[in-house]
Amino acid sequence: TGGDAEEDKMRPLFSLVVVMALAISSRQALAQSHSSEPGTGTDGGGSSRAADQNLDELRQKLASPDYEARRAVVTALLNVGVKRPLNKEEVDFLLPHLKSDSDWRIKVRITLVLPYAKNPGWVLQPLISALEDRDEKSSGGGNVPSGACGALARLGDGRGLQPVEGWLHYLESHPNVYGDLHDSMVKQAKEHLAELKSKLKKAGSPSGVANP
């Protein structure tokens, strides 16, 4: 239909706008109130109860069909992550939505948050799975694997090297995928691969051996 055609035309531009908005959101998250973070506080047992209540609220919002409600939860956890490592419960909130959220924009936002996990092992395989998503719809026209590629580079774990190389190879061997975003995705993938290799070399594992 005419509406669908117009949406297809807008998607590449919209995707770029989303990427810019995500970067802005990460900066804005730093300015959010510390009191709104899950698991923070200074009143002993009261703090623990408040944290549990806050986590329950986040869980309910993340289950909401409303995109804005889910986006707010991901942003709140990003706010936590930039100040302290995310614990397993917080990470576990996000992983099901990285795999199967109905809106790819939520998935992309989650890839920004997961590198803040206290234990990279909690998020490594889910990010690799997201990187390997080739379905046009669930991958958000390639935006989700691109986000996962960046997240794996930030993690700096050698187990992500081959998947990142595989993503770049896929892009280079399929020049017609993802429309106008293809060239920028190739460029980003090369940059992320170089970043990951640099981190592995500095860590003493240039061949891609998994970090401890």
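The values are calculated or read from the model by the stated rules, or taken from the named source; none is laboratory data. Keep in mind the model is a prediction, meaning the values are calculated, not measured. For neighbour counting, all protein chains shown are included, and Cβ atoms are generated from backbone atoms with ideal geometry for every residue, glycine included. Just the protein is used for accessible areas: all its heavy atoms, side chains included, with ligands, DNA and RNA removed. Shrake-Rupley method; radii C 1.70, N 1.55, O 1.52, S 1.80 Å.
When you scan segment 85-101, do you find a residue that is in contact with a strand residue (DSSP E or B) (Cβ under 6 Å, 6 or more places away or on another chain) and farther than 22 Å from L168 by Cα, even just one? Yes - at least one qualifying residue is present in segment 85-101.
When the residues of segment 96-125 are filtered to those that are among the hydroxyl-bearing types (S, T, Y) and open to solvent by 10 Å² or more (accessible area, probe 1.4 Å), which remaining residue is farthest from the chain's Cα centre (by Cα)? Talk me through it step by step, then tell me what you get.
Residues of segment 96-125 that are among the hydroxyl-bearing types (S, T, Y), as a first pass: 100, 102, 111, 116.
Now narrow it down to the ones that are open to solvent by 10 Å² or more (accessible area, probe 1.4 Å): 100, 102, 116.
Working: S100: 13, S102: 15, Y116: 10 Å.
Only one residue tops the list, namely S102.
Can you tell me which residue within segment 177-203, out of those that are at pLDDT 95 or above and assigned to a loop (DSSP other than H, G, I, E, B), is surrounded by the fewest Cβ atoms within 10 Å (Cβ to Cβ)? Per the stated criteria, the residue is V177.
Report whether or not R159 is closer than 23 Å to W122 by Cα and not in a helix (DSSP H, G or I).
Here the answer is no, as R159 does not meet what is asked.
Only one of the numbered conditions (1) in contact with an Asp or Glu (Cβ under 7 Å, 6 or more places away or on another chain); (2) free of Cβ contacts under 8 Å to residues at least 40 places away in the same chain is not met by K137, and that is (1). Of all residues in segment 133-166, which are open to solvent by 10 Å² or more (accessible area, probe 1.4 Å) and under 14 Å from M185 (Cα atoms)? If the condition is that a residue be open to solvent by 10 Å² or more (accessible area, probe 1.4 Å) and under 14 Å from M185 (Cα atoms), then R134, N143, S146, G147, E165, G166 are the ones that fit. Return yes when I128 is of a type in the set (A, V, I, L, M) and open to solvent by 10 Å² or more (accessible area, probe 1.4 Å) and no when it is not. Considered against the rule, which asks whether it is of a type in the set (A, V, I, L, M) and open to solvent by 10 Å² or more (accessible area, probe 1.4 Å), I128 comes out as yes.
Being in a loop (DSSP other than H, G, I, E, B) and of a type in the set (D, E, K, R) narrows it down to one of K99, K83, K107, so name that one. Full working, then the answer.
On the way: K99 fails: in a loop (DSSP other than H, G, I, E, B); K107 fails: in a loop (DSSP other than H, G, I, E, B).
Result: K83 is the single residue among K99, K83, K107 that is in a loop (DSSP other than H, G, I, E, B) and of a type in the set (D, E, K, R).
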